[in-house]
There are 2 protein chains.
Amino acid sequence: MTCVYRAPEKHPHCGTVWLVATAAADATREGAGVATLSDVARRAGVSPATASRVINGSSKPVTEELRERVLRAVAELQYVPNAHAQLLARSHRGAVGVIVHDVSDPYFAEITRGLQRVATDQGRLLMICNSYRDPERELEYVELLRGQQVAAIILAGSGYHDADFTRLLNGKLTAYEATGGRVAVIGRHEHSGDAVMPDNRGGGELLGRELCRLGHEHIGVVAGPRVLTTTTDRLTGLRAALAEHGRELPEHRVRYANFDRDGGAEATAALLDAEPGLTAIAALNDSMAIGALALLRDRAVPVPQRVSVFGFDDMPMARDVTPALTTVRLPLVEMGSRAMALALDPGAAGPRVESLPAELIFRDSAGPAPR
Amino acid sequence: MTCVYRAPEKHPHCGTVWLVATAAADATREGAGVATLSDVARRAGVSPATASRVINGSSKPVTEELRERVLRAVAELQYVPNAHAQLLARSHRGAVGVIVHDVSDPYFAEITRGLQRVATDQGRLLMICNSYRDPERELEYVELLRGQQVAAIILAGSGYHDADFTRLLNGKLTAYEATGGRVAVIGRHEHSGDAVMPDNRGGGELLGRELCRLGHEHIGVVAGPRVLTTTTDRLTGLRAALAEHGRELPEHRVRYANFDRDGGAEATAALLDAEPGLTAIAALNDSMAIGALALLRDRAVPVPQRVSVFGFDDMPMARDVTPALTTVRLPLVEMGSRAMALALDPGAAGPRVESLPAELIFRDSAGPAPR
DNA sequence: AGCGGTCAGGTAAGCGCTTTCCTACAAGCC
DNA sequence: GGCTTGTAGGAAAGCGCTTACCTGACCGCT
């Protein structure tokens, strides 16, 4: 990955995204006639070795005259080196693989920003894969990334409560590590190696304490899928904090749905239908909270006068909805950069786990419980 | 791209994103000892050729016994083929490259969704590059993608008013096409080949007519960078519609800023400071419109009673802000899928240009001009 | 003149895979 | 038995590049 991508230092934050569709690419042999290094060498009247040296700025010296001839040939033929051949010949691993649920989800977009920052600083290629919350696809992507010879794999996003899957995934990751690959996880419990953990449980506790402080007794929880550890961690923290204050959260006041806007609206509707007297809706992520707000608006329920709404994550959008969302902030960008730093630093032998704290951001969507 | 990525048909919408940092990756030679095809062959007691045939499900028949031995060896060694070597050996182009301004921008996220849908259907790898609106980086990425041997390059997003750049870019694209690569653009004028064009001008006209219908006379425009053709196209349409109704838009009522939320807030502030009497703010994209709404809320200006706000694009978020945004919808997902279809279909000789219509979505942020 | 020491540049051996072509063997026929 | 035919499997030639190693020219030295 050298030569052609000139002057990288000019663009410290440049980045590229590759979207890879896994389906078997039975591409045709399109387009012959791409100029190769030998073509350049022939045209310049030198050996391929010399051409390669000029093009890569190798340490081996080349006379000014030959250098110029080569560069002229490169320009004339519009030569661009074949990246696959280079990678193969150098047999080194330049890229880093990342598996997230969905990059277009702001939660992961922020994490990705952090990952990218560090990766770019270190001149690394980043390959990001969307699993769309499908465990099997995660397994597939681990293999795909292995095949792409990435130097490290970073798994971001919630893990799954599924022992079989966890064992399988761990097996694959361990095999990968055995061949010199590095692994880091963000907010998942599966892997026993390096990890960056947002304090989901602690964030849940913050939420619970705030609910108590505001005097809410009738609380409904809009939760993500129960197979996700993120959901259960946040819920556990919330319950613990409520328990401190002698309150409890019965299971029928927790509704599980998709971790997105529509899931949030759906779960909120179900909660309100079952118990119209709720004074607070705690959504376990901001997307769901926004869905909750939308539903409440549709039903003309005043927020926060009748019902307070809480989110989780503090996505950029949280401040732009009306009323602005009270939420638990996680340092997403930092989570990304820390994880990448761990993955790229072979460092310590033992697994390193960094925990990052949550923080409550109070905005307009929450208020004291009405009486 | 075969074998290991099993059962792709099970996951019709799977996809992966690669984020590529361009900086020169001077990666170390990490991790030796990865199992190769020869290792598998040796362990199975067959030739590499046979192993390859089994693993790829080649058409050439292999006895059941050998096949099993190979598969067992694959499993035991946790073998994953080296994707670069495969690509090199097959010397075919499987992936499609995409250059956008920024995938985490909802506008491009939607387009990408469309691109991805078609790419996945055709079993193509997709590589997406963020240019962050830097023309030079676009040029770099064209080369990078060429080096990655992509079958097609799709350029999405606004073009630039910069003749030098356009010439340079066209040169590179033409060179790429000469070697059998295919090019399609989305919403850009630069390239003379296949293109999908959103009707930015027509959308601007819709906006202008709506403003007139509502009786607005004092209109401020919150515009993106003036070097972007998207900005000027939309503005041209808007001006044309206003002219139809005998109104004109003086240049001092147009403020140019970044095409994002903060740019929108900034431009709106400048407009209102200069002319407190404005009754409508037309933002040339939704992000800017949301920034405008935020600013107006800060200043306690009632929307739409005192000032109406209009957006452009109809990003998913437009319906979740308060008041919900009146905006011009572009069929973003469809633009993506059409473009990919064009790029993958060698089809007609002449350049094909598809124009997709804009549509006005009326929501709460707009109302009649106050008197 | 003869020697070793530089140094620019070329030669060729891979990197890990695919695929063409060839061999060897078994089957089927007169 | 000798012949053709069919077929499973192997040998080997790349794909486009990098790089360790070799060559030969040229220098300065005894």
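The values are calculated or read from the model by the stated rules, or taken from the named source; none is laboratory data. The shown structure was predicted, so the numbers you read here are calculated from the model rather than taken from an experiment. We place every Cβ from the backbone using ideal geometry, glycine too, and count neighbours over all the protein chains shown. Areas reflect the complete protein model, heavy atoms only, side chains present, ligands, DNA and RNA absent. Shrake-Rupley method; radii C 1.70, N 1.55, O 1.52, S 1.80 Å.
Of note:
- Residue B:310 meets each of the listed conditions (1) surrounded by fewer than 24 Cβ atoms within 10 Å (Cβ to Cβ); (2) touching a residue at least 12 places away in the same chain (Cβ under 8 Å) apart from (1).
- Residue-level check: of (1) buried (at least 23 other Cβ atoms within 10 Å of the Cβ); (2) more than 19 Å from residue A:224 (Cα to Cα); (3) small (Gly, Ala, Ser), residue A:157 misses just (2).
- Residues that are in a loop (DSSP other than H, G, I, E, B), touching a helix residue (DSSP H, G or I) at 6+ places or on another chain (Cβ under 9 Å) and either farther than 23 Å from residue B:322 by Cα or among the β-branched types (Val, Ile, Thr) (or both), drawn from region A:348-371: A:352, A:357, A:358, A:369
- All helices (runs of 4 or more DSSP H) inside region A:61-133 with 1 or more residues being facing chain B (nearest Cβ under 8 Å): A:83-90, A:106-121
- Total residues in region A:135-144, condition open to solvent by 10 Å² or more (accessible area, probe 1.4 Å) and at the interface with another protein chain (Cβ under 7 Å from one of its Cβ atoms): 3
- Residues that are among the basic types (Lys, Arg) and touching a residue at least 40 places away in the same chain (Cβ under 8 Å) were ranked within region A:315-344; the one that is farthest from residue A:366 (Cα to Cα) is A:338.
- Selection status of residue B:149, more than 12 Å from DNA strand C (Cβ to nearest atom), within 10 Å of chain A (Cβ to nearest Cβ), in contact with a Lys or Arg (Cβ under 6 Å, 6 or more places away or on another chain) and touching a residue at least 60 places away in the same chain (Cβ under 8 Å): yes
Results for (1) modelled with pLDDT of 95 or more; (2) in contact with a Ser or Thr (Cβ under 9 Å, 6 or more places away or on another chain); (3) assigned by TED's automatic domain parsing to the domain that holds residue B:135; (4) aliphatic (A, V, I, L, M), shown as yes or no for each residue.
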| position | (1), (2), (3), (4) |
| --- | --- |
| B:216 | yes, yes, no, no |
| B:231 | yes, yes, no, no |
| B:242 | yes, no, no, yes |
| B:260 | no, yes, no, no |
| B:263 | yes, yes, no, no |
| B:271 | yes, no, no, yes |
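- Region B:50-93, subset modelled with pLDDT of 90 or more, within 6 Å of DNA strand D (Cβ to nearest atom) and closer than 26 Å to residue A:86 by Cβ, residue surrounded by the most Cβ atoms within 10 Å (Cβ to Cβ): B:88
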